[in-house]
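> Please see the structure below; I have some questions.
The values are calculated or read from the model by the stated rules, or taken from the named source; none is laboratory data. From a predicted model like this one, the values you see are computed outputs, not experimental measurements. Every residue, glycine among them, receives a Cβ derived from its backbone with ideal geometry; neighbour counts consider all protein chains shown.
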Amino acid sequence: MFSVTHLVVPLQTMIAPGLEAFAALIFPIHGIRVIAAWMFGWWSVPYLLASNVIVALFYALLSLETPHVVFSFERALSWFLVSIVAIIAIKIFRFVGIEIGMKASGIGPNTWRQLLLVGFVSSVFNSLGQSIIFSGQLISIGERNVMLGFLIGDTLGTIVCFAILMLTLRVSRFLRSSS
């Protein structure tokens, strides 16, 4: 979250001023949500909810440089929504017959592609849900732009998250094999 608020958001304000109050155009945390939902299923919800609250408290109490997060019913709904959208997307994939393997035998070369697709589908749910939850606050910027911002930010963020994880794993394997 630190990289989003201190790197992505300042760059984003030059491109899309005003949107940063609702969505970051690169939000790698969505990729973490997808992986948590894939690995832990419904057990990921309390962890993701807790992480949302902890991050909000951190920024509200310790960081004077970031915008203040107002604790409200809408914010709590938003946190719950972002904690379940990836699980819902995975369940929909399973319902239509696409099983995303979690056991070592089921994880194949297409698993990461399927997880990226889960990230995109859950981003659609997230953007629709966020626009409903915060509908009274999105009028000034334009609801369509905010929905598009969530969609772009979550999807690009998932790609960035996965790229960082794959690079980290490759470097880790290289370091283990060279020692």
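> From 60, 36, which residue is part of a helix (DSSP H, G or I) and modelled with pLDDT of 80 or more?
On inspection, the qualifying residue turns out to be 36.
> Could you please let me know if residue 42 is out of contact with any Pro (no Cβ under 8 Å at 6 or more places or on another chain), over 30 Å from residue 10 (Cβ atoms) and modelled with pLDDT of 85 or more?
Considered against the rule, which asks whether it is out of contact with any Pro (no Cβ under 8 Å at 6 or more places or on another chain), over 30 Å from residue 10 (Cβ atoms) and modelled with pLDDT of 85 or more, residue 42 comes out as yes.
> Something else now. What residue, of 69, 55, is out of contact with any His (no Cβ under 9 Å at 6 or more places or on another chain), under 22 Å from residue 31 (Cβ atoms), outside any helix (DSSP H, G or I) and modelled with pLDDT under 85?
69
> Another question about this same structure. Collect the residues in the range 106-132 that are among the aliphatic types (A, V, I, L, M) and at pLDDT below 85, keeping them in residue-number order.
107, 132
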